[in-house]
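**Student:** Here it is, the structure in full.
The values are calculated or read from the model by the stated rules, or taken from the named source; none is laboratory data. Remember, predicted model here, so these are calculated numbers, not experimental data. Neighbour counts are summed over all protein chains in view; Cβ atoms, including those assigned to glycine, are modelled from backbone coordinates with ideal geometry.
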Amino acid sequence: MGGGDIAEQGVWQWLTTTEPFSYSSWGEGEPLIANGQYIIMGGRNPGDTNWHVAKQERAVPFICEWGGAAYKDYVGSAFLDDMNANGYPEIATLYTDDVTGQVTVQINDSNTSKVISTIAFGTPKQSFPKSIAVMPNAAGIQDIAVLLINYTTLKGTQEIRDAATGKLVVSVPIN
Ligand SMILES: [Ca+2]
């Protein structure tokens, strides 16, 4: 699907549904308002997640809409030992927030569903997550390892953070 201001210049909407945008991520100085029909594309170069405008005949990467109101791109889950001492283990969920680009692990109690903590991984819009794992460190404290792939270099890093505090333990380059 694509978007543009075909119907009225400067009024941006999805072409297939004519819905107005509730989210936009324009590049600096964009959108350029000029004569002619323009459409939107996502990024000029690998790793560029900003939006730009281009003439219709230009071949551009496509933009997908999915999930309607869901703005989280879920990747996977892992179990943790009982952190809040209620007798039930916790469940960690790895996702990217589609609006902020922040890779996040949210830990919920598996019985009460209470959010125990929310831990940010990586730098927003710089990498995407592939997997999550939980491991005990030498002190018996649980750490969470998230495999992050850099959008530009496509190199992988295991970013390991303390499950209780979110503090960075170590970043392990895989390449
Ligand atoms: Ca618990």
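**Student:** Given the residues Asp109, Asp162, which is the only one that is within 16 Å of the ligand (Cβ to nearest atom) and touching a residue at least 12 places away in the same chain (Cβ under 8 Å)?
**Tutor:** Working: Asp162 fails: within 16 Å of the ligand (Cβ to nearest atom).
Result of the check over Asp109, Asp162: Asp109.
**Student:** Another question, if that's okay. Looking only at the stretch 112-122, count every residue that is surrounded by 14 or more Cβ atoms within 10 Å (Cβ to Cβ) and more than 9 Å from the ligand (Cβ to nearest atom) and tell me the total.
**Tutor:** Step one: of the stretch 112-122, the residues surrounded by 14 or more Cβ atoms within 10 Å (Cβ to Cβ) are 116-117, 119-122.
Among the residues that remain, those that are also more than 9 Å from the ligand (Cβ to nearest atom) are: 117, 119-122.
The total comes to 5.
**Student:** Out of the stretch 112-124, which residues are touching a residue at least 12 places away in the same chain (Cβ under 8 Å) and in a strand (DSSP E or B)?
**Tutor:** Taking the stretch 112-124 and keeping what is touching a residue at least 12 places away in the same chain (Cβ under 8 Å), we get 112, 114, 116-122, 124.
Across the stretch 112-124, the qualifying residues are Ile116, Ser117, Thr118, Ile119, Ala120, Phe121.
**Student:** Looking only at residues that are within 16 Å of the ligand (Cβ to nearest atom) and within 19 Å of the chain's Cα centre (by Cα) in the stretch 80-104, which one is nearest to Ala163 (Cα to Cα)? First the steps, then the outcome.
**Tutor:** Our first condition is that a residue be within 16 Å of the ligand (Cβ to nearest atom); within the stretch 80-104, this holds for 80-93.
Checking which are within 19 Å of the chain's Cα centre (by Cα) leaves us with 92-93.
Numbers: Ala92: 9, Thr93: 12 Å.
In this case the residue turns out to be Ala92.
**Student:** Another question about this same structure. Can you confirm whether Pro129 is in a loop (DSSP other than H, G, I, E, B), away from the ligand (no atom under 11 Å from the Cβ) and assigned by TED's automatic domain parsing to the domain that holds Arg161? Break it down into steps so the answer makes sense when it comes.
**Tutor:** Values: in a loop (DSSP other than H, G, I, E, B): no; away from the ligand (no atom under 11 Å from the Cβ): yes; assigned by TED's automatic domain parsing to the domain that holds Arg161: yes.
When the stated conditions are applied, Pro129 does not pass them.
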